[in-house]
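A.B. asks: Pasting a structure here, questions to come.
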Amino acid sequence: MAFKNINFEIKEHIGVIRLDRPRKLNALNQQLVQELVSALRKLDADDSIRCVVLTGSEKVFSAGADIEEMTGKTFVEMYAQDHFSEIAEAFLKFRKPIIAAVAGAALGGGCELAMMCDIIIAAEDSFFGQPEISLGVIAGIGGTQRLTRAVGKAKAMEMHLTGRRMTADEAERSGLVSRLVPLRKLMDEAMATANKIAALPPLAVKAAKETVNRAEETSLREGLLVERRLFHAMFATEDQTEGMKAFTEKRQAHFRGR
Ligand code: COA
């Protein structure tokens, strides 16, 4: 598969994936998601790869799921396609560590994508949020489950219910982000961490990842399933159509609770 929305390279034992859809702030459209899945498959199959770094641009990690692409979608289409669960599953299955190097916005699916990774290293200007509620939907790629596990119910609830963003500082204090670094050092720090991991025993690295994840996974699947069903169900509401239309038409949304 030729990649158009991501940049994919291998630097010795490290696979580096850069989201590269700048005009749409790395919004996750279907094609970008397919490319990510395909890149992960390649990296999984390559025994020389020990660690992966996933990043965006210096301005934005990702502004989330592609709203334009989803605007006209029905419940049936979303449920039948479900490409987001493909990427979520690809991350769940991936046994080598993945480091997210985040600069700028990580919103909606962008925040969820970062949280699918094992370690988030963030630039000091980065910010995180789950603004789906203002579009008439809820998070659909793990945000309600993973953010709650990362930062606790109080902060996660406020972010999901109001769309409030978290600054890099708060994200680091709350445990969402493992480390903050100046923007100019972001990729160097992420690559240094990846190289450190690559130099460690690969089986132990896999085992460490598997066991740390096990600590988090109790009942995660149940939560994700409920979330996914409700995410799809939101496409049966008028407020979803209105919220997404208003976004693309660059006007205030008028929600009617239907
Ligand atoms: N899906 C599709 N397109 C998106 C997008 C998304 N999630 N986020 C941004 N874009 C597009 C904009 O429509 C715009 O396209 P245009 O130039 O063709 O009009 C372009 O990316 C630039 O976005 P803009 O909003 O003008 O940039 P900004 O710097 O003023 O604001 C954000 C940046 C990230 C704060 C803002 O784009 C935003 O809030 N995006 C939506 C985030 C979101 O709700 N994500 C959850 C999706 S379920």
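The values are calculated or read from the model by the stated rules, or taken from the named source; none is laboratory data. Being a predicted model, the structure only gives us computed values, none of them experimental. Because the Cβ atoms are built from the backbone with ideal geometry, glycine has one as well, and the counts that use them run over all protein chains shown. The accessibility values were calculated without ligands, DNA or RNA, using every heavy atom of the protein model including side chains. Shrake-Rupley method; radii C 1.70, N 1.55, O 1.52, S 1.80 Å.
A.B. asks: Which condition number in (1) open to solvent by 70 Å² or more (accessible area, probe 1.4 Å); (2) in a helix (DSSP H, G or I); (3) farther than 21 Å from residue 15 by Cα is the one that residue 258 fails?
C.D. replies: (2)
A.B. asks: Restricting attention to the stretch 41-80, and to residues there that are part of a helix (DSSP H, G or I) and within 15 Å of the ligand (Cβ to nearest atom), which single residue is surrounded by the fewest Cβ atoms within 10 Å (Cβ to Cβ)? Reasoning before the result, please.
C.D. replies: Residues of the stretch 41-80 that are part of a helix (DSSP H, G or I), as a first pass: 41-45, 67-70, 75-80.
Now drop any that are not within 15 Å of the ligand (Cβ to nearest atom), which leaves 67-70, 78.
Working: 67: 20, 68: 12, 69: 15, 70: 20, 78: 22.
Among them, the one singled out is 68.
A.B. asks: Could you say which residue among 177, 212, 205 is part of a loop (DSSP other than H, G, I, E, B) and among the β-branched types (Val, Ile, Thr)?
C.D. replies: None of the other options fit; the residue is 177.
A.B. asks: Out of the stretch 7-26, which residues are in contact (Cβ under 8 Å) with a residue 12 or more places away in the chain and within 16 Å of the ligand (Cβ to nearest atom)?
C.D. replies: Our first condition is that a residue be in contact (Cβ under 8 Å) with a residue 12 or more places away in the chain; within the stretch 7-26, this holds for 7-8, 10-22, 24-26.
Scanning the stretch 7-26 gives 19, 20, 21, 22, 24, 25, 26.
A.B. asks: Does any residue in the stretch 244-258 that is of a type in the set (Val, Ile, Thr) come within less than 8 Å, Cβ to Cβ, of a residue that is surrounded by 10 or more Cβ atoms within 10 Å (Cβ to Cβ) six or more places away or on a different chain, and which pairs are these?
C.D. replies: 248/67; 248/68; 248/71
A.B. asks: Now a separate question. Where residues in the stretch 1-40 are part of a loop (DSSP other than H, G, I, E, B) and in contact with a Lys or Arg (Cβ under 6 Å, 6 or more places away or on another chain), which of them is nearest to residue 118 (Cα to Cα)? Lay out the reasoning, then the answer.
C.D. replies: Residues of the stretch 1-40 that are part of a loop (DSSP other than H, G, I, E, B), as a first pass: 1-5, 12-13, 20-21, 25-27, 29.
Next cut, in contact with a Lys or Arg (Cβ under 6 Å, 6 or more places away or on another chain) only: 5, 13.
Details: 5: 23, 13: 17 Å.
Within the stretch 1-40, the match that is nearest to residue 118 (Cα to Cα) is 13.
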